[in-house]
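The values are calculated or read from the model by the stated rules, or taken from the named source; none is laboratory data. None of these values were measured; they are calculated from a predicted model. Cβ placement follows ideal geometry from the backbone for every residue including glycine, while neighbour counts extend to all protein chains displayed. What goes into the accessible areas is simple: the full protein's heavy atoms, side chains included, and nothing from ligands, DNA or RNA. Shrake-Rupley method; radii C 1.70, N 1.55, O 1.52, S 1.80 Å.
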Amino acid sequence: MGKFQFSHAPAESTRGPGHVQLLVSETFFSRQGEGRLTGTESFFIRTSGCNLRCWFCDTPYASWDPSGDRQTIESLVDAARQSGAEHVVLTGGEPLLPAAATELSHSLMEAGFHLTIETAGTIDKPIPCDLLSLSPKLADSTPDPQQHPRWSQLHEQRRMPLDTMRNLIDAAIGFQLKFVVGDEAQFDEVQDVSRALDVDNDDVFIMPQGVTNAQMDAAERWLRPLAESAGYRYCDRMQIRWFGNRRGT
């Protein structure tokens, strides 16, 4: 159902949840650090593999250098139960890339979890979730064409399929739109995309690009007033403030 064919999706069985496997970078219990559910204790499932290559990606082990272990849907649901969390966050990489993403989402919701899916919105799949956390990648996210010519071209081609994003929003129970902003010049694109997707300003969250408290503090001084003047929500990346920029958070 997606627009593109991807060569980096892991091969998966179709024999049922006890056998279907996904390449998973990590699972962990933590607090949601971004968006509408900031502070909510959650069990995170980070799939490995991505169809984009943002130059600033803070999880390169799930994108630029995808690695991890193959885990079954059954084992992931069991791990979520054992964590004690009521909320599960399916993230990546790009969590809609694996062929078994739809089945995993159904299994988690059938098990009674509140499910958030964090996606760049480039793949159209029938994914059930309680909260679609959609993060469109702005033009400045494209990697350097001299250093990464192939990925620069692919990333630019894939990063902003507005029709696909709108389809995902329409199918979701709830959604939020999150933008990572690195400089003031990007804000026009944020507003253009928000208008094109026809979303309410209250559903738009603006986050600073940065992986240290100092970087986020510096960005907040100019970015928060800009976001709030447009009627958007300013959203810090609290997992960095709580835990630092490290895995398992």
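Working note: Cα atoms of the range 31-102, range along each principal axis, descending, whole Å: 34, 28, 19. In a Debye calculation with equal point scatterers on the alpha-carbon sites of the range 69-205 and no solvent, what is log10 I(q)/I(0) at q = 0.09, 0.16, 0.17 Å⁻¹? Each listed q maps to, in turn, -0.31, -0.88, -0.96. Here the 3J(HN,Hα) profile of the range 201-212, calculated from phi with Karplus coefficients 6.51, -1.76 and 1.60 at θ = phi - 60°, is 4, 5, 8, 9, 10, 10, 10, x, 7, x, 10, 9 Hz, Gly and Pro shown as x. Proximity of backbone amide H atoms, modeled 1.01 Å from N, is registered between GLU26 and ARG46 at under 5 Å, excluding neighbours fewer than 5 places apart on the same chain. Here the range 111-190 is treated as a sphere whose radius is the Kirkwood value from Cα pairs; by Stokes-Einstein at 37 °C and 0.692 mPa s it diffuses with a coefficient of 237 µm²/s. The phi torsions of the range 73-89, fed into the Karplus equation with coefficients 6.51, -1.76 and 1.60 and a -60° offset, translate into couplings of 4, 4, 5, 5, 5, 4, 5, 4, 4, 5, 5, x, 7, 9, 10, 10, 10 Hz, rounded to whole numbers, with Gly and Pro shown as x. Take the Cα of ALA185, step 7 Å toward its Cβ, do the same at THR102, and the gap between the two points is 4.1 nm.
Is there a quick way to get the dipole size of the chain? I mean about its Cα centre, with the Cβ of Lys and Arg at +1 and of Asp and Glu at -1; what is the value in debye to the nearest 20?
I would put it at about 500 debye.
Remark: the range 22-87 carries 41 Å² of accessible area per residue (probe radius 1.4 Å; ligands, DNA and RNA excluded).
In the chain, the calculated helix contribution to ellipticity at 222 nm averages -9000 deg cm²/dmol per residue, counting -39,500 (n - 2.57) for every DSSP H run with n ≥ 4. Please give the helix 213-229 orientation as an angle from the longest Cα principal axis of the chain, in degrees from 0 to 90, rounded to the nearest 10. Long axis of 213-229 versus the principal axis of the chain: about 70 degrees.
The 3J(HN,Hα) values that the Karplus relation (6.51, -1.76, 1.60; θ = phi - 60°) gives for the range 45-53 are, in residue order, 10, 9, 6, 10, x, 8, 8, 10, 9 Hz. Gly and Pro appear as x.
If you count only protein heavy atoms with a 1.4 Å probe, what accessible area per residue comes out for the range 91-180, rounded to a whole Å²?
With all protein chains present, the range 91-180 gives 37 Å² per residue.
If you compute Cα extents along the principal axes in Å for the structure shown, which of (i) 64, 60, 32; (ii) 50, 39, 33; (iii) 48, 43, 39 do you land on? Checked against the structure: label (ii). Could you tell me which of rounded, prolate or oblate describes the range 144-197, using a ≥ b ≥ c as the square roots of the eigenvalues of the alpha-carbon gyration tensor, with rounded for a/c under 1.5 and, failing that, prolate when a/b is larger than b/c and oblate otherwise? Taking the square roots of the gyration eigenvalues as a ≥ b ≥ c, the range 144-197 is oblate. The fraction of accessible area contributed by carbon and sulfur in the chain is 46 percent, rounded to a whole number (1.4 Å probe; ligands and nucleic acids excluded).
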